[in-house]
Amino acid sequence: MPNESPTEIDKIAYDAPLSFPEPSQAWKSKMGERENNRTEKLVYGKDVPIVDLKNKWIIISGANSGIGREAALTFASWGAHLILACREPGPASREPHPVEVVEECKAAAREGGHESTTIEWWRIDMADLGSIEAFGRRWLTTERPLDVLCNNAGVGSSPGKDGKEGVYLTKDGFEFIHQINFLSHVLLTSMLLPSLAKAEAPRIVCTTSCFHYLGQYDISNFNGGTELGQEGVGMYKNNKLYFQIWLTELQRRLLLHGEYKHITVNGFHPGYVASGIWNINRAFWFRWLIVWILMLMARFFGINCQQGSMALVYIATAPECGPDPKKQGGKDERGRGGGRYFNRIWQEEAMPHCRDADARCRVWRKVAEELKLKERGLLDVLGFYGGTSD
Ligand SMILES: NC(=O)c1ccc[n+]([C@@H]2O[C@H](COP(=O)([O-])OP(=O)(O)OC[C@H]3O[C@@H](n4cnc5c(N)ncnc54)[C@H](OP(=O)(O)O)[C@@H]3O)[C@@H](O)[C@H]2O)c1
């Protein structure tokens, strides 16, 4: 059982100043616009070599479109069993129905010589915690080991409040972007840890973003408060920052426990990808114009979804992104472990919050409080407290 009494670090107030200076705007912009993010720098097959995924189980959220769909096709062609975790599209959805993507994946599997893999889509709505729980329970009842969990679903804007600018709350009472892009993935991951632990070299892959450099560490306004910011982009950036911080702390805690230490978790930015993420909510006339400009820019200056998916596939399968044999066991000497951030397939320095035990523990505690993870019995191993001053 973890230590259930607060250490000094756990007693620091959420709104206390952090012990390190906020990085300069110049540094953040430089990191966000790194050369690795550039369209002309393509990733090739030789950079993401084929891995035999026979008998491996992969769950990927947001797999019916964009990066997730392309990654699913690759995983299928490499022989994996796949669960596409998708929502039932609404009548106005411009994205493919998950049923279509299942068929595409089956065709890709057959083409790769894999006739008998299981490829299914399971309903999940990241804006509904009940749906995450149902999905988690459904998976756990299969008693299968889970080899890779890809936390990929995301939205780039909020529907607004009553058709106007403002904070839109889900039925769980959380700001829309906060819940979809961050909270739901934390709950899903926490539920699936025992199943990941059963696999030989399990990985958790989180699609964060270079926008995390532009996020504000603002735990007092964690759930949106009254300020949404420009079309919710502020919440998007903040939540990508929290997600990258949270996964770094998750890796630290996993390493402390024998039954979990072989699990590797990393975050990555897929590149500037021309996907549906730029198709922001169009409730107001001027947003039509914004959407048009965003989509056009992504089309001309971004990479396509297949290129974007290469990063996801790389983090999920490349030996270098697997367990560090010295810390996590395993035989592959190339493994360098987790808690890292990649700009596409190149490791990059993340925001300094990820290296600061206090900043990490505040996010860990706050998200655990919001999701009532302790009450749900999901922190029995990793603990609520347990900060160190590393
Ligand atoms: N595109 C970029 O330049 C870029 C850059 C950095 C990070 N990212 C991140 O990459 C990830 C994938 O995005 P993408 O670029 O591939 O965009 P996308 O094509 O819009 O894909 C987003 C996926 O998330 C799903 N999703 C959204 N809300 C959901 C919900 N409530 N429940 C379940 N699924 C939901 C979408 O399903 P529906 O089709 O049903 O909406 C879709 O499958 C996101 O986390 C995004 O933040 C993208």
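The values are calculated or read from the model by the stated rules, or taken from the named source; none is laboratory data. Everything quoted here is computed from the prediction, not taken from an experiment. Neighbour counts are summed over all protein chains in view; Cβ atoms, including those assigned to glycine, are modelled from backbone coordinates with ideal geometry.
Among what's in segment 84-116 and is under 23 Å from the mean Cα position of the chain (by Cα) and more than 13 Å from the ligand (Cβ to nearest atom), pick the residue that is surrounded by the most Cβ atoms within 10 Å (Cβ to Cβ). If we take residues in segment 84-116 being under 23 Å from the mean Cα position of the chain (by Cα) and more than 13 Å from the ligand (Cβ to nearest atom), then 105 is surrounded by the most Cβ atoms within 10 Å (Cβ to Cβ).
Scanning segment 159-182 for any residue that is assigned to a helix (DSSP H, G or I), among the polar types (S, T, N, Q), within 11 Å of the ligand (Cβ to nearest atom) and buried (at least 19 other Cβ atoms within 10 Å of the Cβ) turns up at least one such residue. With the structure loaded, tell me whether residue 155 is within 16 Å of the ligand (Cβ to nearest atom) and farther than 22 Å from residue 242 by Cα or whether it fails that test. Criteria not met by residue 155. Does segment 143-155 contain any residue that is in contact (Cβ under 8 Å) with a residue 24 or more places away in the chain, surrounded by 13 or more Cβ atoms within 10 Å (Cβ to Cβ), in a helix (DSSP H, G or I) and of a type in the set (Lys, Arg)? Within segment 143-155, none of the residues are in contact (Cβ under 8 Å) with a residue 24 or more places away in the chain, surrounded by 13 or more Cβ atoms within 10 Å (Cβ to Cβ), in a helix (DSSP H, G or I) and of a type in the set (Lys, Arg). Looking across 274, 311, one residue alone is touching a Lys or Arg at 6+ places or on another chain (Cβ under 6 Å), at pLDDT 90 or above and either near the ligand (Cβ under 10 Å from one of its atoms) or of a type in the set (Phe, Trp, Tyr) (or both). It is 311. Would a scan of segment 14-29 turn up a residue that is over 30 Å from residue 116 (Cα atoms) and crowded, with 20+ Cβ neighbours inside 10 Å? Among the residues of segment 14-29, not one is over 30 Å from residue 116 (Cα atoms) and crowded, with 20+ Cβ neighbours inside 10 Å, which makes the answer no.
The lone criterion from (1) touching a Leu at 6+ places or on another chain (Cβ under 9 Å); (2) on the phi < 0 side of the Ramachandran plot left unmet by residue 141 is number (1).
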